[in-house]
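Engineer: Let me give you the structure first, and then I'll get to my questions.
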Amino acid sequence: MFEYFSDVRKVETLTEADIRLLIDNQVPENKQLDYKLKLNLDEDKDKLEFLKDISSLSNSQGGVIIYGLEELKIDGRNAGIPILPTASGLEIKNLDKTRLAIFSCLRTGTNPPVTTVYFSSLLDISGYQVLAIGIPKNNSLPVMVTKNDINAFYRRNQTQKYPMDTIELYNAFLRHGTERREVEDFVQQRLFQPRHFSSADARPNAKVYDPYFTSRHDAPKMIVHTIHTDFLQNVSLDTFSAPDFRQFAHDHFNSTVEGLIHEHAYSFDGLYIFSKQRGAIYENCAEGTLVFRNGIIENLTTTVFSERNSNTNNSCVLYSEELIKRLIKYIKGAFAYYDRAQITPAFYLSVVIHAFGRVSLHSPGNNNSGQIKKRELKFPVFLVTGPSEVANVLAIMLDMLFQAAGAEQCPEELKEKIRLQF
């Protein structure tokens with residue numbers, strides 16, 4: 001009924017009918033829903049209260065604050081049940097200015113700064129203004145309120161906010177470090193798995209990338225993982241039983257390179273989608289995606305490289321523009337999938353490039369930007385909490401890529417292509 005609890009971005013589509021349902025059904029406040037009559041950011045005390053509300057939801061499960069509704073009083077106490085105001089309610093003259101004021105307050109009053117919140121339209125309910133703000137669950141370090149002399153962390157129980165105690169803070173910081181290590185361990189396990197080759201293979205028992213995707217262990221390739229922040233729950237998403245799921249996955253992850261044929265296969269792990277040259281053996285695919293049953297997405301591609309003779313040390317070419325196209329497609333596909341599965345859109349992004357020898361980096365304008373001499377480029381694991389962060393994260397990765405080839409930084413025109421997409 002109220003899907004914006006599982007995905008706070010949905011508050012952007014909130015309607016008057018949704019608010020009336022809350023009132024008519026007497027939906028009470030809970031750990032992810034709070035009602036406020038006023039939204040004031042003029043006085044320091046009002047700003048402080050607002051920041052505490054944001055911190056408490058961010059450090060809990062995320063949630064929605066609905067401004068402009070009063071709470072029903074029982075025996076003189078707020079019962080947490082929404083009603084229309086009995087007197088004056090919310091007064092917003094310019095929603096754009098209110099948004100700017102909110103972001104300014106968050107930027108200066110939270111640490112690390114809360115940079116992503118979602119707004120509904122300014123709704124009219126029987127002549128009263130109502131505004132909903134969606135606060136995503138914090139998936140990195142806990143958010144501290146830093147206003148005046150206050151430096152404190154807050155969480156929310158079923159009905160109200162409260163300061164986090166020492167044990168809760170310890171567990172929050174511990175979870176942050178543990179989760180990232182779990183992600184890194186998972187990626188490492190997926191990157192190198194034992195495989196027994198035939199007697200004709202020159203490297204028996206070599207450790208290579210998942211043999212389902214490619215039997216050419218010396219082929220240059222890029223491996224991308226998007227690992228959503230709820231992956232530790234190890235849930236099995238019911239999206240796999242949907243009749244259109246395979247088509248959805250094909251549409252969002254399949255290669256667009258000409259001359260490839262596309263196939264799929266279900267397995268115990270999840271759904272494999274792969275593209276290969278016509279006539280190639282089953283395992284020898286050019287691109288592949290594995291959508292795990294718990295929502296982790298694994299992509300592999302060799303198509304961002306030119307071919308080379310594997311018996312020589314001649315360098316192949318890595319095409320930076322093709323690499324960007326693949327990354328954008330994979331990340332947009334991940335956002336679409338997480339939206340479909342109604343799980344948090346925040347995810348860890350891991351990108352690894354296996355070069356197996358010297359690789360010439362090609363940049364726009366038919367320019368050679370130098371050679372990458374490392375056999376493996378393993379970029380830092382980034383936490384992406386929303387589309388607005390993607391351009392910055394990919395720009396950092398591209399700078400690192402070009403600097404690995406001896407350039408000063410990635411050409412600005414490549415970064416601009418990313419910014420136009422997110």
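Bear in mind these aren't lab numbers, they're just calculated from the coordinates by the rules spelled out. Quantities reported herein were computed from a predicted structural model and do not represent experimental measurements. Cβ atoms come from the backbone with ideal geometry, glycine included; neighbour counts cover every protein chain shown.
Engineer: At Asn78 and Gln247, where each label point lies 7 Å from the Cα along Cα→Cβ, what is the point-to-point distance in nanometres?
Structural biologist: Computed distance between label sites Asn78 and Gln247 equals 4.8 nm.
Engineer: Check Cys316: other-chain or 5+ apart residues with amide H under 5 Å from its amide H, H built from backbone geometry?
Structural biologist: Ser360
Engineer: Treat each spin label as a single point 7 Å out from the Cα along the C-beta direction, and report the Phe119 to Arg358 distance in nm.
Structural biologist: 5.5 nm
Engineer: Specify the residue with the greatest mean-square fluctuation among Ser104, Ser255, Ser140, computed from a Gaussian network of the chain linking alpha-carbon atoms under 10 Å apart.
Structural biologist: Comparing Ser104, Ser255, Ser140 in a Gaussian network model of the chain, the most mobile one is Ser104.
Engineer: Also, I was wondering about something else. For each of Asp18, Asp96, count neighbouring Cβ atoms within 10 Å of the residue's Cβ, then give the residues from fewest to most.
Structural biologist: Asp96, Asp18
Engineer: Any idea what angle helix 95-109 forms with the longest principal axis of the chain, computed on alpha-carbon atoms, 0 to 90 degrees, nearest 10?
Structural biologist: Computed tilt is about 80 degrees.
Engineer: Test of understanding: express the Cα radius of gyration of segment 3-164 as a ratio to 2.2 N^0.38 Å, with N the residue count.
Structural biologist: The reported ratio for this selection is 0.98.
Engineer: Using a Gaussian network model on the chain with a 10 Å cutoff between Cα atoms, which of Arg358, Arg77, Arg99 fluctuates the most?
Structural biologist: Per the Cα network of the chain with a 10 Å cutoff, Arg77 tops the list.
Engineer: Where does each of Glu263, Glu298 land when they are ranked from fewest to most other beta-carbon atoms within 10 angstrom?
Structural biologist: Final ranking by Cβ density, sparse to dense: Glu263, Glu298.
Engineer: How large is ³J(HN,Hα) for each residue in segment 131-138, as worked out from phi by the Karplus curve 6.51 cos²θ - 1.76 cosθ + 1.60 (θ = phi - 60°), to whole Hz, x for Gly and Pro?
Structural biologist: Result, rounded to whole Hz: 9, 10, 10, x, 10, x, 4, 6.
Engineer: Mind checking which of Ile125, Phe50, Leu394 is farthest towards the positive end of the chain's charge dipole, using Cβ charges of +1 (Lys, Arg) and -1 (Asp, Glu) about the Cα centre?
Structural biologist: The listed residue farthest towards the positive side: Leu394.
Engineer: Note down the relative contact order for the chain as a percent, whole number, built from C-alpha pairs under 8 angstrom at least six residues apart.
Structural biologist: After rounding, I find 12 percent.
Engineer: Please compute P(r) over all alpha-carbon pairs of the chain, binned at 10 Å starting from zero, and give each bin as a whole-number percent.
Structural biologist: For the chain, the pair-distance distribution reads 4, 19, 26, 22, 15, 9, 4, 1, 0.
Engineer: Also, I was wondering about something else. For helix 166-191, what angle does its Cα long axis make with the longest principal axis of the chain, in degrees from 0 to 90 and rounded to 10?
Structural biologist: 20 degrees
Engineer: Still on this structure, I have one more. What distance in nm separates the two pseudo spin-label positions at Ile167 and Asp185, each 7 Å out from Cα along the beta-carbon direction?
Structural biologist: Taking the two extended label points, one gets 2.4 nm.
Engineer: Mind pulling the angle between the C-alpha long axis of helix 44-58 and the longest principal axis of the chain? Nearest 10 degrees, somewhere in 0 to 90.
Structural biologist: In the chain, helix 44-58 runs at an angle near 50 degrees to the longest axis.
Engineer: Using Cα pairs under 8 angstrom and six or more residues apart, how large is the relative contact order of segment 3-164, in percent? Mind showing how you got there, number by number?
Structural biologist: Values: 322 pairs, mean separation 51.2, N = 162.
Result for segment 3-164 is 32 percent.
Engineer: For segment 3-164, with only Lys/Arg (+1) and Asp/Glu (-1) charged at the beta-carbon, what is the dipole magnitude about the Cα centre, in debye rounded to 20?
Structural biologist: Working: 20 positive and 21 negative charges, 103 e Å.
For segment 3-164, the charge dipole is close to 500 debye.
Engineer: To continue, here is another question. Antiparallel DSSP bridges in segment 9-121: what percent, to the nearest 5? Show your work: numbers first, answer last.
Structural biologist: Values: 5 of 9 bridges.
Percentage antiparallel, nearest 5: 55.
Engineer: Additional query: For the cross-link pairs Lys36/Lys73; Lys137/Lys378; Lys221/Lys276; Lys221/Lys378; Lys93/Lys161, which exceed 23 Å when the distance is taken from alpha carbon to alpha carbon?
Structural biologist: Listed pairs above 23 Å: Lys137/Lys378; Lys93/Lys161.
Engineer: Could you compute the FRET efficiency for Ser306 and Ala152, with r as their C-beta to C-beta distance and R0 at 51 Å, rounded to 0.05?
Structural biologist: On the way: r = 56 Å, r/R0 = 1.10.
For Ser306 and Ala152, the calculated efficiency is 0.35.
Engineer: Give the order of Ser241, Ser58, Ser360 when sorted by the count of other beta carbons within 10 angstrom, beginning with the fewest. Before the final figure, lay out each step's value.
Structural biologist: On the way: Ser241 8, Ser58 26, Ser360 18.
Listing Ser241, Ser58, Ser360 from fewest to most nearby Cβ atoms yields Ser241, Ser360, Ser58.
Engineer: Among Lys52, Lys97, Lys276, which one shows the highest mean-square fluctuation when the chain is modelled as a Gaussian network with alpha-carbon springs under 10 Å?
Structural biologist: Largest GNM mean-square fluctuation: Lys97.
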